[in-house]
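Step one of this worksheet: look at the structure below.
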Amino acid sequence: MAALQSIRNRGKLIAICVGAALLAFILGDFLNSSMSIFGQDRFNIGEINGETISYQDFEARVNERTTFISLVTQQNSLSSEMSDQIRDYIWEDLIREKVIGTVADDLGVSASDDELINMIKTGNVTPTIRQLFADPQTGMYDPASVLAYLSKRENNKEIPERVFIWNYLENELRNTRVSNKYFNLIASGLCVTTAEVEQEFNDRTALADVKFVALPYSEIADNEVSVSETDIASYYNSNINKYERETETRDINYVSFDIVASDKDSAYSLNVINDLKSDFASTDDVVSFINSKSDVTYSNINYNKGEITDETVDSLMFAEQPGFVYGPYIDGDYYKLARLIDTKNLPDSVKVSHILIAYRQGEDTTVARQKADSLLGVIKSGIDFGALAMEVSDDQGSASDSGNLGWVTDRINFIPEFKDACFATDKGQITTTTTMYGVHIIKVFDKTQPKKKVNVGFLQIEIKPSNATRQQVYTQANKFAANTREVSKFVEAANASGLSVRVAPSITPDTRFIPSITNARPLVQWAFDEDKSKEVSDVMDFDGRLIVAAVVGVHPKGKASLASVKPTIETELIAQKKGEKILADLQSKNVSNVDALAAQINRPVQEATNVSMTSVQIGGYYEPAAVAVAVSLNKNEVSKPFAGKNAVFVIQNTNITPAQPIQQINIDTDRQVMQRDLSQRSLYQAYDAMVKMANIVDERYKFF
């Protein structure tokens, strides 16, 4: 509720709604006219359950979601990352709608208004509603605030953003209710039988203690076994279902041409800062000079000893008098001049509370000042500062805590006028100051011990590549791309040019990040362009890093090719061959007794206790097969040597704890636990199955 009530700039927000609608209209007109020229398929963004999703419809929903987010967060512009998240949300929402919504409609599953009101009252709401209508004091969802908002909405239908926000929230809530009802129908058709309960109880309570010898495959070198091409092909054909790809992936090789400043560029920046040094040393207004001439604006920081990153500068600033200038010197990508502005004895932090008298729209600012003067008189008469803050302060965030702001540090992101007043006021004293928000009455409760601090102004000139340098690097990159059009010769050409080839394997159409490349979408879009990616790419610019790339592997959706999974199969077969070699070596050993075997092969005897069918490990090894053998042995029985996932084992049982007799209470409680687990699994497993059967085609990468 607090977030919704904080919406103030209605004019700007309404403009967002109107702008989004106009954009959708313009795009719609453009796309409709374009479709008649190029064909409608050109503007399809994908397909779900046989239904085509057009770019126009998708972007309209994205615009609606963007408007909603902008309204509730008061952000008139969203970051590119947030825009990506919105598009992903809309795509997933479309999948849910086309997969679940269609089936639910056919079954007559719906959500009435009464059901929605009941969800609101009982707190069974969406995460968005739960967050927006949380009590600001406790952070807990407050149903009363939702109902109050709805009441205001009914009484203020002329406020378009209020109507828009709730309509959006209501639609989400209704869709959530329909989905839940549908999956509850599935869950209600599932049951756990008494036989299943008894079997699970038996598996859990029948325990075995064992000792064993393990011979890990890792102790045999890979070159001691051989795997043939026939072995690999046979394994692939026998296990083809293991290699199902849910989406197409591609492998990219690329080289990078980094645009970095040359020695000539560095010399130019040095000349610039040297030309400014005299004026910087003589100016009476250091802050204004820095803000007008420096590539980095002034930061009003009072440094403690040791906080300035350059040790020489740090030492000099604490030894010299105000007006002293040092430099230029290099710090990272900048030439710097440092001027000591002032030295002060200041605490690191002050503990304060305040009362804000905000400026009111339409009122003269003197009204706030007069009210603050009156309150000062009340405070001096002995009234409790905290109690007064809770009653009259316009800063709702601190008013609920008696105006308390806690410990304010020099680095905290407070308005400078307010922060300066806090540090300039003695402990136990009260002062006032004005900011853009109004008049503040500040009480300082405590201060840390004052110590010497220095205020230093830094004039910074970036050492950056010139246009000539950029052009030189671009020419180099373009020459490489122009002379290397064949993908098969990419690595050879890169090596000949002394370039390091980087690899980006298994790129999917929705990949957004590739190591060392910011905003990798253009590269991904190129990689999945069937025509352009047949050759080495043209030069692509990623924030000063020029990239030339080649698609070196295409792995279609569906069954993976033998070539693409060959390394994985080879690794598995090498382990299998090692197991066979170890088993063959054990044929000449005494395997009827674990202790005797361990002595023969100089291996330790390990132990595992309370092993059951529900165990996942035995003696630190993740070995389902070894667990199964351990619980199946009779007392003192020794297993035959067998190969597991990571080692060959010989196991001897040392003790058996029979399964406990099951009681009715166990049947009842265990059935409830198993039923709950089954119901929960049905929710996501059923949905995953429906999504897989929907034959989803995602071609968003063509547009975003």
Residue pairs qualifying under the 6 Å Cβ cut-off, at least six apart or on distinct chains, with the first in region 361-390 being under 19 Å from T434 (Cβ atoms) and the second being hydroxyl-bearing (S, T, Y) and assigned to a loop (DSSP other than H, G, I, E, B), are T365/Y359; A368/Y359; A389/S402
Restricting attention to region 274-288, does a residue exist that is touching a residue at least 60 places away in the same chain (Cβ under 8 Å) and charged (D, E, K, R)? yes
Given (1) in contact (Cβ under 8 Å) with a residue 12 or more places away in the chain; (2) surrounded by fewer than 18 Cβ atoms within 10 Å (Cβ to Cβ), index of the condition S632 fails: (1)
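Here is a yes/no grid of residues against (1) surrounded by 13 or more Cβ atoms within 10 Å (Cβ to Cβ); (2) modelled with pLDDT under 95; (3) of a type in the set (G, A, S):
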{"site": "D295", "(1), (2), (3)": "yes, no, no"}
{"site": "N302", "(1), (2), (3)": "yes, yes, no"}
{"site": "K305", "(1), (2), (3)": "yes, yes, no"}
{"site": "D310", "(1), (2), (3)": "yes, yes, no"}
{"site": "F324", "(1), (2), (3)": "yes, no, no"}
{"site": "D364", "(1), (2), (3)": "no, yes, no"}
{"site": "A368", "(1), (2), (3)": "yes, yes, yes"}
{"site": "K371", "(1), (2), (3)": "yes, yes, no"}
Looking at (1) surrounded by fewer than 16 Cβ atoms within 10 Å (Cβ to Cβ); (2) modelled with pLDDT of 90 or more; (3) not hydroxyl-bearing (S, T, Y), which is the one condition that is false for A338? (1)
Within region 67-94, can you find the residues that are more than 17 Å from the chain's Cα centre (by Cα) and in a loop (DSSP other than H, G, I, E, B)? Q74, Q75, N76, S77
Could you identify the single residue in L597, L586, L633 that is at pLDDT 90 or above and closer than 30 Å to E229 by Cβ? L586
Matching residues in region 660-673 (surrounded by 12 or more Cβ atoms within 10 Å (Cβ to Cβ), more than 41 Å from the chain's Cα centre (by Cα) and assigned to a helix (DSSP H, G or I)) number 2
Do we find that I383 is outside any helix (DSSP H, G or I) and over 16 Å from S353 (Cβ atoms) in this structure? no
Output the residues belonging to region 472-494 that are polar (S, T, N, Q) and within 36 Å of the chain's Cα centre (by Cα). N478
Taking region 156-209 and the residues there that are basic (K, R) and at pLDDT 90 or above, the one that is farthest from L71 (Cα to Cα) would be R204
Residue pairs qualifying under the 7 Å Cβ cut-off, at least six apart or on distinct chains, with the first in region 212-240 being within 22 Å of S564 (Cα to Cα) and the second being part of a strand (DSSP E or B), are I240/K559
Can you tell me how many residues within region 544-567 are without any contact (Cβ under 8 Å) to a residue 12 or more places away in the chain and more than 22 Å from P509 (Cα to Cα)? 1
Among the residues of region 617-659, which ones are over 23 Å from P216 (Cα atoms) and under 47 Å from the mean Cα position of the chain (by Cα)? A659
Please give the helices (runs of 4 or more DSSP H) falling wholly within region 151-250 in which 3 or more residues are charged (D, E, K, R) and either within 37 Å of the chain's Cα centre (by Cα) or surrounded by 15 or more Cβ atoms within 10 Å (Cβ to Cβ) (or both). 160-188, 194-205
Among the candidates S516, S537, single out the residue that is farther than 30 Å from S234 by Cβ, among the hydroxyl-bearing types (S, T, Y) and surrounded by 18 or more Cβ atoms within 10 Å (Cβ to Cβ). S537
So, T283, is that one surrounded by 12 or more Cβ atoms within 10 Å (Cβ to Cβ) and either closer than 30 Å to I507 by Cα or of a type in the set (G, A, S) (or both) or not? no
Can you find even one residue in region 387-394 that is under 40 Å from the mean Cα position of the chain (by Cα), in the same structural domain as K419 (by TED's automatic domain parsing) and not hydrophobic (A, V, I, L, M, F, W, C)? yes
When region 483-496 is checked residue by residue, the ones that are touching a Phe, Trp or Tyr at 6+ places or on another chain (Cβ under 8 Å) and without any contact (Cβ under 8 Å) to a residue 60 or more places away in the chain are A493
Screening L169, L173, L190, L185 for residues that are within 30 Å of S612 (Cα to Cα), out of contact with any Lys or Arg (no Cβ under 6 Å at 6 or more places or on another chain) and of a type outside the set (D, E) leaves only L190
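The values are calculated or read from the model by the stated rules, or taken from the named source; none is laboratory data. Nothing here was measured: the structure is a model prediction, and the numbers come from that model. Ideal geometry is used to build each Cβ from the backbone, glycine not excepted, and the neighbour counts take in all protein chains shown.
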